[in-house]
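What follows is calculated from the coordinates using simple rules that are stated; it is not laboratory data. For clarity, every value in this text was computed on a predicted model and none was experimentally measured. Neighbour counts run over all protein chains shown; Cβ positions are idealised from the backbone, glycine included.
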Amino acid sequence: MFRHSLLLLIAASFSVATADAVPAEDAAEAVWVKRWAERSKDFAAQRDRARDIVLASFDIAIRKSDSQPGLTPAARTDRRKELQEGKETFEKTGAFPTDDDFVGGQFEYALKVNKAAIPLTVLIDEVIAEGTKTKDATLERQGLKMKQDLEKQLGGASRLVGGSVWHGELRRPGGGTIPYHLYVGKMGEGGLFKGHVEDSPGAQGNWSYDVEGQTRALGLEYRMTKSVRGNFSAVAVNGIVSGDRMIAKVVSVAGKGKPVSSTIVLKRVK
């Protein structure tokens, strides 16, 4: 099961657009290939709808920029050009401008694309699980390669690699912010990683902790495994990686206190 069609998918450099052309050798394999083709088409349609929403949002912002309050006519011109360039870049590459003005739109778009991709990741999980169950190392490796290739095409979790460093800020519910650094250490083929977080680096006695996490499509999650300094008793992070930007929800507990929800916005700096 799976072997013949997977070899062809990987030989074709793994494309959701070509998966429906892959023949199958047996009934079980044929069912899997059919499900893959159907889910690939659903993914492409949902991704295109999400892109259309982003482009429409750019158009609205561009129109509004000509009457944006608080800006001089010259500054409005700068703002309009900035938005037009942002739209052009997204239209050509699917990437958002790197400045923080576009964080909200980027996060919403990434969430939609990630949700659309999950059914594909479920099918890939079936391949990996089948390889593990049957002790078929080749099949298992093929499934892992499919996961890596999908994440590379999506442009998200594949940027979270061993040795990468992510800097940014943690935004507290009350509006305050502190620096937040994530250092990714060992990274496995299947997306399991270990790392370290410096919470408010540079401050005397800042809190820090080790983490372990995993990736799935554009999504990532990690949890504290060891408190190195400070009083955190638990930290859980769930979010999205889109290009070189990470946006995630952080739920932390200090000592025996209540859970506190915050948001991190990070950029890859290494």
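Each of Val103, Leu192, Thr177 was placed along the dipole of the chain (beta-carbon charges, centred on the mean Cα), and the one lying farthest toward the positive end is Thr177.
Helix-only mean residue ellipticity at 222 nm, the chain, DSSP H runs n ≥ 4 weighted -39,500 (n - 2.57), per residue, nearest 500. What is it?
Counting only the DSSP helices, I get -15500 deg cm²/dmol.
Listed options for Rg/Rh (Cα atoms, Kirkwood Rh) are (1) 1.27; (2) 0.95; (3) 1.03. The value calculated from this structure is the one marked (3). Highest mean packing first, where packing is the average number of other Cβ atoms within 10 Å per residue, the peptides 240-250, 257-267 line up as 240-250, 257-267. Computed 3J(HN,Hα) for the stretch 188-205, one whole-Hz value per residue from the Karplus formula 6.51 cos²θ - 1.76 cosθ + 1.60 where θ = phi - 60°, is x, 4, x, x, 7, 9, 10, x, 9, 10, 10, 8, 6, x, x, 7, 4, x, glycine and proline marked x. Placing +1 on the Cβ of every Lys and Arg and -1 on the Cβ of every Asp and Glu, with no other charges, gives the chain a dipole of roughly 660 debye about its Cα centre. For the chain, modelled as a GNM whose springs connect Cα atoms under 10 angstrom apart, the maximal fluctuation among Glu140, Glu82, Glu151 occurs at Glu82. Less than 5 angstrom separates the built amide H of Val265 from those of Glu169, Arg171, all sequence-distant by 5 or more or on a different chain. Peptides 159-171, 59-71, ordered by how many other C-beta atoms sit within 10 Å of their residues on average, highest first, read 159-171, 59-71. Overall, the stretch 165-268 carries a charge dipole of about 220 debye about its Cα centre when +1 sits on the Cβ of Lys and Arg and -1 on the Cβ of Asp and Glu, all other atoms neutral.
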